[in-house]
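J.: The following block contains the structure, expressed as structure tokens.
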Amino acid sequence: MNNVNKLIRAVEIILKVLIVYGTRTGTAAITAEDVAKQLRDQGVESRVADAKREKIESVAEYDLIIVWSGIQMGRWTSDADSFLKKYQKEMAGKKVALYVNCGSAVEAMNTNKPGVAEEARKKYLEEKASKYGLSPISFGFFGAIYNFTKMSWIMRKGMESERPRLAAISRETEPGVYDTPDLDGIRNWANELLSKVNMQPFAAAGA
């Protein structure tokens, strides 16, 4: 079965997708909505939920759950992490994908730091999945949107020295906001995610 047929078959199988995100400065919210749009364009019903502001009563009705977090000071947001902790047992029997936005994913930001991306991917995605007993069908690992107008003062102080580099390698979409995510890469990831859904059987009802 070629990739196009796999994608079509995956869309036929998936009924509902839940995308839960945790964000401090808005990056995860923007990219989560972009992925949701990509999935909806493929005919997939997708709900986007802010882990901090929206109360999720159950994950039972969703066939695929994507949990998303921005990374700051080497940590997931507490809200996204709490969601994983709360629903780890339920998600163990479902299709799950984990995604993070972080500076370590941007090669141009780490030219003098060999191995930083691989280490970050392992820490923020593989180890997080292992901690909660999850076996994700996919990991998303992309750059962040650096919003200096919404950063805490200590984060802004720490990032100020990187501002010239950010200005050189990314788009300043508005004053103080630097956009480093690879949007085409993120959209391709969303499409590949649908294809991967078809490669693994769904958990039996009641499992």
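Quick note: the coordinates plus some simple rules give every number you see, no bench work behind them. The model shown is predicted, which means the values in this text are computed figures rather than measured ones. Virtual Cβ from ideal backbone geometry, glycine too; neighbours counted across all protein chains shown.
J.: Which net charge results when you count Lys and Arg as +1 and Asp and Glu as -1 among the other residues whose beta-carbon is under 12 Å from that of Glu54?
T.: +1
J.: Right, something else. Listed here are the pairs Lys52/Lys196; Lys37/Lys89; Lys52/Lys95; Lys86/Lys157; which of them are more than 24 Å apart at the Cα?
T.: Among Lys52/Lys196; Lys37/Lys89; Lys52/Lys95; Lys86/Lys157, the Cα-Cα distance tops 24 Å for Lys52/Lys196; Lys37/Lys89; Lys86/Lys157.
J.: Sticking with this one: Would you kindly state how much longer the chain becomes between Lys37 and Lys52 on full extension, computed as 0.36 nm times their sequence separation minus their alpha carbon distance, in nm to one decimal?
T.: Difference between extended and current length: 3.3 nm.
J.: For the residues Thr77, Thr23, what sequence is obtained by ranking on other C-beta atoms within 10 Å, fewest first?
T.: Ranking Thr77, Thr23 by Cβ neighbours within 10 Å, fewest first, gives Thr77, Thr23.
J.: Would you list which aspartates and glutamates come within 19 Å of Lys123, measuring only between C-alpha atoms, while excluding same-chain residues fewer than 8 positions from it?
T.: Within reach: Asp79, Asp81, Glu107.
J.: Label-point separation (nm) for Ala60 and Lys89, each offset 7 Å from Cα along Cα-to-Cβ?
T.: Those two pseudo-labels are separated by 1.4 nm.
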